[in-house]
Amino acid sequence: MQKRIERSALVSHSTEQMFQLVNDFESYPEYLPGCVGAELLVREDDWLEARLHLAKAGIRQSFVTHNTLRPPESMHIRLVEGPFKSFAGEWCFKALSDQACKVNFWLEFEFSNKLVALAAGKLFEQVASEQVSALCKRADQIYK
């Protein structure tokens, strides 16, 4: 069964700052609960491919995404490799002023089989659900 997660937040930071923070996925293990590793596989001018490693309560999963970059407005995410039948998402940043923006994040996914969904479903849903709040806290720490 396909799941959809949508989150949004109003922040006192620019679209450029928030885009840079999302694009700095290699720092995710420092502040995103459940993310234990991140590695860049390929980087070009307007896209990248990266692998994220998630772990919690003895359950480990990793997946590779292709991220299309449209700074500072958006980043589209699609699956390259991982335990999913389908996987797509997007970060959008809408300027409200020079130093404020609205952050929107959505993610749709379906695991490749019921066993994987049972084992890793809660872990992945928790990490995906907490991404926006963790990102906002990180922005407040970095951009004070």
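When the criteria are applied in full, A139 meets the requirement of being buried (at least 16 other Cβ atoms within 10 Å of the Cβ), over 17 Å from K3 (Cα atoms) and either among the aliphatic types (A, V, I, L, M) or at pLDDT below 95 (or both).
Scanning the stretch 35-76 for residues that are buried (at least 17 other Cβ atoms within 10 Å of the Cβ) and under 16 Å from V22 (Cα atoms) turns up C35, A38, L48, A50, R51, L52, T65, N67, L69, P72, S74, M75. The residue that is surrounded by the fewest Cβ atoms within 10 Å (Cβ to Cβ), counting only those in the stretch 77-128 that are assigned to a loop (DSSP other than H, G, I, E, B) and not charged (D, E, K, R), is N113. Looking at the structure I just gave you, is L69 of a type in the set (A, V, I, L, M, F, W, C), part of a strand (DSSP E or B), in contact with a Gly (Cβ under 8 Å, 6 or more places away or on another chain) and within 18 Å of Q131 (Cβ to Cβ)? In short, no.
Give the residues of the stretch 31-60 that are in a loop (DSSP other than H, G, I, E, B) and touching a helix residue (DSSP H, G or I) at 6+ places or on another chain (Cβ under 8 Å), sorted by residue number. Residues satisfying the conditions are L32, P33, G34, A57. Among the residues of the stretch 6-30, those identified as touching a helix residue (DSSP H, G or I) at 6+ places or on another chain (Cβ under 9 Å), surrounded by fewer than 18 Cβ atoms within 10 Å (Cβ to Cβ) and closer than 20 Å to Q126 by Cα are R7, S8, A9, S27, E30.
The values are calculated or read from the model by the stated rules, or taken from the named source; none is laboratory data. All values reported here derive from a predicted model rather than from experimental measurement. Cβ coordinates were reconstructed from backbone atoms using ideal geometry, including for glycine residues, and neighbour counts include every protein chain displayed.
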